[in-house]
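Shown next, in structure tokens, is the structure this report addresses.
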Amino acid sequence: MENPQQFEVWKTDVKPILELKRDEFHLFGHEEATEEDIWKLGIGKLRKESQYTPFYRFANVLMRLSVTDYMNEKTINAYKGTEGWSKDTDDEMEGILDEVLGNEEADGRKGNRQPSSG
């Protein structure tokens, strides 16, 4: 059963925690981490619970988030294909594929000519 609680009302209250965690993740080399990423990660951990979550528990969940939690979420989203993939990415990948296939075809034509061993 999904938690019917609306966490959005607490977003401004936990902004200092989100900033703190963002800075922590940046310190550990994850410059791409945003406050919104951390917010979604915290919400994701609490959405599974069926009972009402008090504010102190919500704040505690956010404070306990680790870089490992963040990277696990990024990895899962990458496998699902929901992380960072857009129309621009499709176009870019198609261009790279065309370049690779074009280069392989050219290499293939060159490769067909065997040097004569004389």
Starting from the Cα of Lys40, step 7 Å along the direction of its Cβ; do the same at Met93; then give the gap between the two resulting points in nm. 1.7 nm
Quick one: Debye curve from the alpha-carbon atoms of the stretch 1-66 only, equal weights, vacuum; give me log10 I(q)/I(0) at q = 0.11, 0.14 Å⁻¹ to two decimals. -0.25, -0.39
For the stretch 44-55, just list the computed ³J(HN,Hα) in residue order, Karplus coefficients 6.51, -1.76 and 1.60, θ = phi - 60°, integers in Hz, with x standing in for Gly and Pro. x, 5, 8, 5, 6, 7, 9, 9, 4, 9, x, 4
Full-stretch length increase - Arg57, Ala78 - with 0.36 nm per residue and alpha-carbon distance subtracted: 4.7 nm
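Throughout, read-outs are computed from the coordinates displayed, never taken from laboratory work. The shown structure was predicted, so the numbers you read here are calculated from the model rather than taken from an experiment. Neighbour counts are summed over all protein chains in view; Cβ atoms, including those assigned to glycine, are modelled from backbone coordinates with ideal geometry.
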